[in-house]
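The values are calculated or read from the model by the stated rules, or taken from the named source; none is laboratory data. Note that the coordinates shown come from a computational prediction; the quantities given were computed from them, not determined experimentally. Methodologically, a virtual Cβ is constructed for each residue, glycine included, from the backbone with ideal geometry; neighbour enumeration extends over all protein chains shown. Just so you know, the surface numbers come from the protein's heavy atoms only, side chains and all, with ligands and any DNA or RNA stripped out. Shrake-Rupley method; radii C 1.70, N 1.55, O 1.52, S 1.80 Å.
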Amino acid sequence: MSAVTVPKERASREMSGPVLGMVLFVASEAMFFAAFFGGYFTIRANAEVWPPRGIPHLEIGIATVLTVILVTSSVVIQLSLRSIRNGDDRRAVVFLGLTIALGVVFLILQAYDYSQLGFGVKDGTFGTLFYVMTGIHMAHVFGGVVFLVLVFGQAARGRLSAANHDSLAAGAIYWDFVDVVWILLFTTFYLLT
């Protein structure tokens with residue numbers, strides 16, 4: 001007589017409402033940024049000279065530091081998420097606080113970089129695209145910092161756990177999205193120009 005194998009029951013991998021909501025929101029924001037990048041590359045392809053005359057070449061020094069800060073912050077928020085999933089609430093709070101601090105440093109340095117550029121939004125198509133695209137990204141970083149501060153408040157009060165951490169998971173998805181958009185902006189404006 002042959003033995004009958006009973007399949008093992010899998011743990012539920014169903015996506016929670018808050019996480020699904022963030023995934024859908026990020027998908028819509030990705031389309032929003034894709035439209036800007038499409039416009040940028042269409043205009044660039046049709047320009048005789050890019051960037052236009054009178055626009056100084058962008059220095060990559062501060063922008064590189066900004067990139068390192070955001071990439072590091074994405075790693076740190078993933079460490080926060082891993083910590084909470086492993087039941088280490090204290091480390092999760094520390095890593096989340098560090099992510100927030102890195103986000104604030106990014107915002108301050110980007111504002112400083114704006115003050116050093118030597119051109120403005122009124123200086124033609126390139127200036128407009130640069131400031132609109134990076135400015136919208138900056139607004140997304142600011143919104144992400146605010147969201148993560150609210151999650152930090154939950155975590156600090158002990159309201160997040162290995163079983164209940166959807167707000168942190170949603171925040172991590174959003175933060176990683178903001179990081180990917182910055183890498184695309186950095187590549188487009190600082191490396192390909």
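How far is helix 124-156 tilted off the main Cα axis of the chain, in degrees rounded to 10, range 0 to 90?
30
Can you tell me the length gained on complete extension of the stretch Glu14 to Ala156, counting 0.36 nm per residue apart and subtracting the Cα distance?
Values: separation 142, 0.36 × 142 = 51.12 nm, distance 2.68 nm.
This chain segment gains 48.4 nm when fully extended.
Name the residue from Val132, Tyr112, Phe147 whose Cα lies farthest towards the positive end of the charge dipole of region 73-147, charges +1 on Cβ of Lys and Arg and -1 on Cβ of Asp and Glu.
Towards the positive end, the residue furthest out is Phe147.
Where does the chain land on Rg(C-alpha)/(2.2 N^0.38 Å)? Write down the numbers at each step before the final one.
Numbers: Rg = 20.8 Å, N = 193, 2.2 N^0.38 = 16.3 Å.
That ratio works out to 1.28.
Assign unit charges at the C-beta atoms only (+1 for Lys and Arg, -1 for Asp and Glu), then state the dipole size of the chain relative to its Cα centre in Debye, rounded to the nearest 20. Kindly include the intermediate steps, with their values, before the conclusion.
Numbers: 12 positive and 12 negative charges, 89 e Å.
Approximately 420 debye in magnitude.
Using the Karplus curve 6.51 cos²θ - 1.76 cosθ + 1.60 with θ = phi - 60°, what ³J(HN,Hα) values do you get for each residue of region 92-109, in whole Hz, with x for Gly and Pro?
Karplus-based 3J(HN,Hα) across region 92-109 equals 4, 5, 4, 5, 5, x, 5, 4, 4, 4, 5, x, 5, 4, 4, 4, 5, 5 Hz.
What do you reckon, how do Thr67, Thr72 stack up by accessible area (1.4 Å probe), largest on top? Don't skip to the end; give the middle numbers.
On the way: Thr67 25, Thr72 60 Å².
So, going from the largest accessible area down, we get Thr72, Thr67.
Using only the alpha carbons of region 9-84, determine the length spanned along each of the three principal axes and report them from longest to shortest in whole angstroms.
Principal extents (Cα only, largest first): 63, 27, 19 Å.
Roughly how tilted is helix 61-85, in degrees to the nearest 10 and between 0 and 90, from the longest Cα axis of the chain?
In the chain, helix 61-85 runs at an angle near 10 degrees to the longest axis.
On average, how much accessible surface per residue is there in region 45-106, in Å², for a 1.4 Å probe, leaving out ligands, DNA and RNA? Before the final figure, lay out each step's value.
Working: 3390 Å² over 62 residues.
Roughly 55 Å² per residue, with all protein chains present.
Using only Cα atoms, find the angle between the long axis of helix 166-185 and the longest principal axis of the chain, and express it within 0 to 90 degrees, rounded to the nearest 10.
Roughly 30 degrees between the two axes.
Got a sec? What order do Ser115, Ser161, Ser73 fall in by accessible area at 1.4 Å, biggest, i.e. largest, first?
Numbers: Ser115 80, Ser161 40, Ser73 0 Å².
The most accessible residue leads, giving Ser115, Ser161, Ser73.
Would you mind computing Rg(Cα) / (2.2 N^0.38 Å) for region 130-176, counting N as its residues?
Numbers: Rg = 13.0 Å, N = 47, 2.2 N^0.38 = 9.5 Å.
My calculation over the Cα atoms of region 130-176 gives 1.37.
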